[in-house]
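In what follows, a single structure is set out as structure tokens and then discussed.
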Amino acid sequence: MESRVKVAGHPLHQMLLVFPLGLLATAVVFDVIFLVTDNAAWTQAAFYMIGAGVITGVLAAVPGALDWWAIPRGTRAKRVGLIHGVGNVVVVTLCAVSWLLRRDNPTLPPTEAVVAGLVGAGIAVVTGWLGGELVDRLGVGVDEGAHLDAPSSLTSRAVASGRGDRRHFPQPAYAGVDRRRHV
């Protein structure tokens, strides 16, 4: 199932999600470094990373939600996508709470702020795996013309049609082969 929201032929959700994942994970690492070193510069940096991670998390959620609405009802992908999306809302909410608790003194966050970030990171590991399940196992957000020799998404036909459509491009001999039986 192809993504409904694309830029230059690629799913926008998959492009944007790297920002909140990276920023929020780095903030947790910085909090752990602070706990080990007692150097407040790390929590100051974590404060800004959390703020940026929450903002980019909200931005990544919009195309993700639009893609989820396009998944057919009654499918495993719809159920997994719901858990993935709701879980990520919980992650962003926990991180927003962490950021709000730090606002008055970003260099000395209360324990609750650090715990909220750590719990959010733990949930993000699960929701990130679910996102991988959606793409890698269930084919959500994958171009219907995807194969090992598919043309660039920037070719004129692929961009004009919004995808690498199988009708426009010849398929290699192995395109219809079930790879699971030949591994």
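The values are calculated or read from the model by the stated rules, or taken from the named source; none is laboratory data. All figures in this text were calculated on a predicted structure; none of them were measured in a lab. Here the Cβ positions follow ideal geometry from the backbone for every residue, glycine too, while neighbour counts run over all protein chains shown. Protein only, heavy atoms only, side chains kept; ligands, DNA and RNA dropped before computing areas. Shrake-Rupley method; radii C 1.70, N 1.55, O 1.52, S 1.80 Å.
Every listed requirement among (1) more than 24 Å from the chain's Cα centre (by Cα); (2) surrounded by 19 or more Cβ atoms within 10 Å (Cβ to Cβ); (3) among the hydrophobic types (A, V, I, L, M, F, W, C) is met by TRP99 save one, (1). Considering the stretch 11-29, the residues that are farther than 15 Å from LEU94 by Cα and crowded, with 18+ Cβ neighbours inside 10 Å include one that is nearest to the chain's Cα centre (by Cα), namely LEU17.
It is to be established whether one or more residues within the stretch 133-146 are touching a His at 6+ places or on another chain (Cβ under 9 Å), modelled with pLDDT of 95 or more and within 30 Å of VAL32 (Cα to Cα). Taking every residue of the stretch 133-146 in turn, at least one turns out to be touching a His at 6+ places or on another chain (Cβ under 9 Å), modelled with pLDDT of 95 or more and within 30 Å of VAL32 (Cα to Cα).
Take the residues of the stretch 151-183 that are within 24 Å of the chain's Cα centre (by Cα) and part of a loop (DSSP other than H, G, I, E, B): which is modelled with the highest pLDDT? Only one residue fits best here, namely SER152. Counting only residues that are farther than 17 Å from ARG4 by Cα and of a type in the set (Asp, Glu), the stretch 134-158 holds 2 of them.
Only residues that are within 21 Å of LEU16 (Cβ to Cβ) and touching a Ser or Thr at 6+ places or on another chain (Cβ under 7 Å) were counted in the stretch 73-109, giving 4. Among residues of the stretch 35-49 that are without any contact (Cβ under 8 Å) to a residue 40 or more places away in the chain and surrounded by 12 or more Cβ atoms within 10 Å (Cβ to Cβ), those with a beta-carbon under 6 Å from a residue that is in a helix (DSSP H, G or I) and polar (S, T, N, Q) at least six positions away or on a different chain give the pairs MET49/THR26.
As for the stretch 64-79, it holds at least one residue that is open to solvent by 40 Å² or more (accessible area, probe 1.4 Å), not hydrophobic (A, V, I, L, M, F, W, C) and not in a loop (DSSP other than H, G, I, E, B). Residues in the stretch 102-116 that are surrounded by 23 or more Cβ atoms within 10 Å (Cβ to Cβ) and of a type in the set (A, V, I, L, M, F, W, C): ALA113, ALA116. For ALA96, state whether it is small (Gly, Ala, Ser) and at pLDDT below 95. So ALA96 does not fit the description; no.
Here is a yes/no grid of residues against (1) among the β-branched types (Val, Ile, Thr); (2) farther than 15 Å from ALA52 by Cα:
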site: HIS84; (1), (2): no, yes
site: ASN88; (1), (2): no, yes
site: THR93; (1), (2): yes, no
site: PRO106; (1), (2): no, no
site: GLY131; (1), (2): no, yes
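Against the test of being closer than 16 Å to VAL115 by Cα, part of a helix (DSSP H, G or I) and not small (Gly, Ala, Ser), the options LEU59, LEU101, LEU82 yield a single qualifying residue, LEU101. Any residue in the stretch 117-133 that is out of contact with any helix residue (DSSP H, G or I) (no Cβ under 8 Å at 6 or more places or on another chain), surrounded by fewer than 19 Cβ atoms within 10 Å (Cβ to Cβ) and closer than 26 Å to GLU2 by Cβ? So far as the stretch 117-133 goes, yes, one or more of its residues are out of contact with any helix residue (DSSP H, G or I) (no Cβ under 8 Å at 6 or more places or on another chain), surrounded by fewer than 19 Cβ atoms within 10 Å (Cβ to Cβ) and closer than 26 Å to GLU2 by Cβ.
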